[in-house]
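Trainee: Before anything else, here's the structure in question.
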Amino acid sequence: TRVLVLNGPNLGRLGSREPDVYGSADHAHLAELCTEAGRELGLEVEVRQTDDEAELVRWLHEAADGRLPVLLNPAAFTHYSYALRDAAAQRTAPLIEIHLSNPHARETFRHLSVVSAVASGTIAGFGTGSYLLGLRALAADPVVTGS
Ligand code: DQA
C-alpha cells in the first residue's frame, strides 16, 4: 500500500530549526525513518515537504483521487489554513494529523487546529516518533490493509 507523508512549511529546516522544540533530526533523516518503518509495516512510504500552501493542497487532491492514506504535518498551516482543511476534508482514505511537538503545551495560537476535525486522528508530541506511531496506526487500519 502506498502512503503519502506530507510536511508543510519550515519542516525542510528540521535539524537547524529550533532543535530544542523539534529535535536534531533533519528532514532527510525523518524521511529515511519513515520509509524504513513503512517497509517493515508493508507500506510504500513517500515523504514530501513544501513551504507552498497551493502545492500541499494539490498533493491532498492527488491523495483523494488515488485513495492514498496520508500522514499530514500541516505545520503552521494547521492553525489557520481553511484551504488545507477543505482539501483534507475530501479524503478518501485515512488521514492522520501529525505534529512533532505538542501544540497544546505551547503558545495559545497553536491550540487551535482547523485540520483536526476532518482528520481520522491526531498524533502530537513524540518528535519523529509521532510519524512512526502514525504509520503503525495506518498499517493497523482495515481500510488501509483492505481486510
Ligand atoms: C508543528 C507545530 C506547529 O505549531 C508549527 O507551526 C510547526 C510544526 C509540529 O510538528 O510540532 O511548524 O506542526
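Trainee: For Thr122, indicate whether it is assigned to a helix (DSSP H, G or I) and at pLDDT 95 or above.
Mentor: Details: assigned to a helix (DSSP H, G or I): no; at pLDDT 95 or above: yes.
For Thr122, the condition - assigned to a helix (DSSP H, G or I) and at pLDDT 95 or above - is not met.
Trainee: Let me ask something else about it. Six or more apart or on different chains, Cβ atoms under 7 Å: show the pairs whose first residue is in the range 80-93 and farther than 23 Å from Arg2 by Cβ and whose second is of a type in the set (A, V, I, L, M, F, W, C) and modelled with pLDDT of 95 or more.
Mentor: What qualifies is Tyr80/Val114; Ser81/Val114; Tyr82/Val114; Ala83/Val57; Arg85/Val114; Arg85/Val115; Arg85/Val118.
Trainee: Right, another one. Within the range 64-81, can one find any residue that is modelled with pLDDT of 95 or more, under 11 Å from the mean Cα position of the chain (by Cα) and assigned to a loop (DSSP other than H, G, I, E, B)?
Mentor: We begin by selecting, within the range 64-81, every residue modelled with pLDDT of 95 or more; these are 64-81.
Next, only the ones that are under 11 Å from the mean Cα position of the chain (by Cα) stay: 69-75, 78.
Then drop every residue that is not assigned to a loop (DSSP other than H, G, I, E, B), which leaves 69, 74.
The answer is yes; a qualifying residue exists.
Trainee: In the range 100-121, which residues are crowded, with 19+ Cβ neighbours inside 10 Å and more than 9 Å from the ligand (Cβ to nearest atom)?
Mentor: Val115, Ala119, listed by residue number.
Trainee: I need the full set of residues from the range 21-49 which are under 17 Å from Asp141 (Cβ atoms) and more than 16 Å from the chain's Cα centre (by Cα), in order please. Steps first, please.
Mentor: Step one: of the range 21-49, the residues under 17 Å from Asp141 (Cβ atoms) are 34, 37-38, 40-45.
Result: Glu40, Leu41, Gly42.
Trainee: Going through Ala64, Ala88, Ala76 one at a time, which residue ends up being farther than 21 Å from Gly23 by Cα, within 16 Å of the ligand (Cβ to nearest atom), surrounded by 13 or more Cβ atoms within 10 Å (Cβ to Cβ) and among the small types (Gly, Ala, Ser)? Reasoning before the result, please.
Mentor: Working: Ala64 fails: within 16 Å of the ligand (Cβ to nearest atom); Ala76 fails: farther than 21 Å from Gly23 by Cα.
Only one candidate qualifies: Ala88.
The values are calculated or read from the model by the stated rules, or taken from the named source; none is laboratory data. Computed from a predicted structure; not experimentally measured. Neighbour counts are summed over all protein chains in view; Cβ atoms, including those assigned to glycine, are modelled from backbone coordinates with ideal geometry.
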